[in-house]
1. Going through ALA27, ALA56 one at a time, which residue ends up being farther than 26 Å from LEU162 by Cα and more than 14 Å from the chain's Cα centre (by Cα)?
2. Residues of region 50-106 being aromatic (Phe, Trp, Tyr) and surrounded by 13 or more Cβ atoms within 10 Å (Cβ to Cβ), which ones?
3. Name every residue in region 1-23 that is assigned to a strand (DSSP E or B) and surrounded by fewer than 17 Cβ atoms within 10 Å (Cβ to Cβ), in order of residue number.
4. Which one of ARG26, ARG30 is surrounded by 15 or more Cβ atoms within 10 Å (Cβ to Cβ), charged (D, E, K, R) and in contact (Cβ under 8 Å) with a residue 40 or more places away in the chain?
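Derivation of every value follows stated rules applied to the coordinates shown; laboratory data play no part. In this text, all values refer to a predicted model and were calculated from it rather than measured experimentally. For neighbour counting, all protein chains shown are included, and Cβ atoms are generated from backbone atoms with ideal geometry for every residue, glycine included.
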Amino acid sequence: MVYREALTLQSNDKICTFHDVTEEIRAVVRRSGIKEGIVSVYSHHTTCSIVIQEDAFDMSMTGLQTLQQDFVDIFDTIIPVCKREGMYLHPQQKALDFALKHGEDARGCHNTDAHLRSALIGRSESVALIDGSPDLGDFGKIYFIDFDQTRARKRTVQVTVLGEK
């Protein structure tokens, strides 16, 4: 059996956005009625990722959990946030023209760092279902990360549950 739902999330601007979607995923699995199988969590967006990580409990001054802030800080050293034109080869004129035709401004196109981060981390996770529950271990949480800091926007997470009742 296959069951699918989409979640809609709102990202922030000026900072990477982390959404704990664990409980929403558990609810989708419950609604599916599937007891044994796999739940796949997938981001439609090429500047976003899905990760499994634990809750750090403590918060940084940015509003991110400390482990999330450490994650962002490490990425800032290896893939700096695009702060000016020419920092990365992308985007160039063809990409800017294409974006403009599709209602996107030049600032929104300068999100190369987000594309690179997402490409390294990946856009999906699959989790085993055991007796109708995602097997995340004692501390595992499922997070949707929007690395794009150029503007706030709505994001879609596709959840597909495959298995047997």
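1. Values: ALA27 fails: farther than 26 Å from LEU162 by Cα.
Exactly one of ALA27, ALA56 is farther than 26 Å from LEU162 by Cα and more than 14 Å from the chain's Cα centre (by Cα), namely ALA56.
2. Residues of region 50-106 that are aromatic (Phe, Trp, Tyr), as a first pass: 57, 71, 75, 88, 98.
Across region 50-106, the qualifying residues are PHE71, PHE75, TYR88.
3. Going residue by residue through region 1-23, those that are assigned to a strand (DSSP E or B) are 2-10, 17-20.
Selection gives VAL2, ARG4, GLU5, ALA6, THR8, GLN10, ASP20.
4. On the way: ARG30 fails: surrounded by 15 or more Cβ atoms within 10 Å (Cβ to Cβ).
Just one listed residue meets the conditions, ARG26.
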